[in-house]
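Written out below as structure tokens is the structure these notes cover.
The values are calculated or read from the model by the stated rules, or taken from the named source; none is laboratory data. On a predicted model such as this, the values are computed, not experimentally measured, just so you know. Neighbour counts are summed over all protein chains in view; Cβ atoms, including those assigned to glycine, are modelled from backbone coordinates with ideal geometry. For the accessible areas, the whole protein counts, side chains as well, though only heavy atoms, and no ligand, DNA or RNA atoms are used. Shrake-Rupley method; radii C 1.70, N 1.55, O 1.52, S 1.80 Å.
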Amino acid sequence: MSTLSIPQFVPPASDDAEQLRKAFSGWGTNEGLIISILSHRSSAHRREIRKAYAVLFGEDLLKALDKELSRDFEKIVLLWVLDHAERDAVLAYDSARRWGPGDRALIEIACARSSDELFAARRAYHARYKRSLEEDVATHAKGDFRKILVLLLTAYRYEGPEVNLTLAKSEAKLLHEKIEGKSYSDEEIIRVLTTRSKAQLEATFNAYNNTFGHPINKDLKSDPKDHFLSALRAITKCITSPEKYFEKAIRLAINKVGTDEGAITRIIATRAEVDLKQIKELYHKRNSVPLVHAIKKDTSGDYKDFLVSLIGEESA
């Protein structure tokens, strides 16, 4: 569920566009006004504001924001103004070109979106960058990572609830056999993870737990320093329990030596209108500290205020 706090009466998009123009005028930018508008508007509202701004002032709102803002505050505001598919395209582009074995943005886009959302992101990527997402991933990722990422990103999974329990049991045994033999990049593992529906994979992982007495991710922790194993764990968790995956991702981003603002920005911007409420609840339960307190402690300034507002809290 969304954490956005949207006013009962939302002004016309043209009024919001004019207020944003005022925030850019004069000596210095009125960051507070920008936060008060954009962090309290839905994706549909933001889309209309962007259209209205272009009509009224002959300029893309994104370009205006880019000129006025800086650093982490700029990054999250620009991501937030984008449509969902366009945002995923930008995140995927940055991730593909700077890709490293520990990067999780491409896995999140491939595994935490619906088939239609992933397809829309790929179309937006093609329109924006004049080439395909899989082309860039294949260029920059190497070896087993390239093989699994390209297949994940080009998958169009069945989204229904139907599962084949017999298949789930047989593929659970297949996965166990390959993992036990340390054949982590075997084509059968990659086939199952990249083609089966999320419901079918959940049934398979349940069968794995029931048959072998522990979750599949326990067996995928045999070598904590193996980046490919870490990626496989992220894939299985992101597909079947996205709220748990993102709670842990935020926790790790905050608890690192030096906060990982990139991860926090990406997760809050992409989940605020999806399931951030559940992520907040899980974070509080897991860490005995409200997420907003952790965010306030580890971030500062306008960036902190925007994050807190998207989380559905008030900055102090």
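Things to note:
- Pairs from 221/285; 22/277; 248/297 whose Cα-Cα separation, in the structure shown, is over 28 Å: 22/277
- Between 114, 185, 288, the Gaussian network model of the chain with springs among Cα atoms under 10 angstrom shows the greatest mean-square fluctuation at 288.
- Each of the GluC sites (Glu not before Pro) that DSSP puts in a loop and that has at most 13 other Cβ atoms within 10 Å breaks the chain; the longest unbroken stretch is 163-313.
- In region 1-92, chymotrypsin sites (Phe, Trp or Tyr not before Pro) in a DSSP loop with at most 12 other beta-carbon atoms within 10 Å: 9, 27
- Out-of-range pairs (alpha-carbon distance over 23 Å; input 237/280; 178/244; 67/296; 225/280; 178/225): 178/244; 67/296; 225/280
- With all protein chains in place and a 1.4 Å probe, the accessible surface of the chain carries 50 percent carbon and sulfur.
- Per residue accessible area in Å² of region 246-297, where ligands, DNA and RNA are left out and the probe is 1.4 Å: 47 Å²
- For region 162-223, the fraction of C-alpha pairs farther apart than 13 angstrom is 58 percent.
- Taking only the alpha carbons of region 51-142, we obtain Rg and Dmax values of 14.4, 47 Å in that order.
- Taking every full run of DSSP H in the chain, the ones that stretch at least 18 Å from end to end by Cα along their long axis and average -1.0 or higher on the Kyte-Doolittle scale are 43-57, 84-97, 115-129, 165-180, 198-212, 227-240, 242-255.
- Rg and Dmax of region 98-224, both derived from C-alpha coordinates alone, stand at 15.6, 48 Å.
- Kirkwood radius for the chain, taken over all pairs of different Cα atoms as the inverse mean of 1/r, rounds to 20.9 Å.
- Taking 7 Å steps out from each Cα toward its Cβ at residue 47 and residue 117 produces label points 1.5 nm apart.
- In region 118-154, the trypsin sites (Lys or Arg not before Pro) that fall in loop regions by DSSP, at most 12 other Cβ within 10 Å: 130, 131, 142
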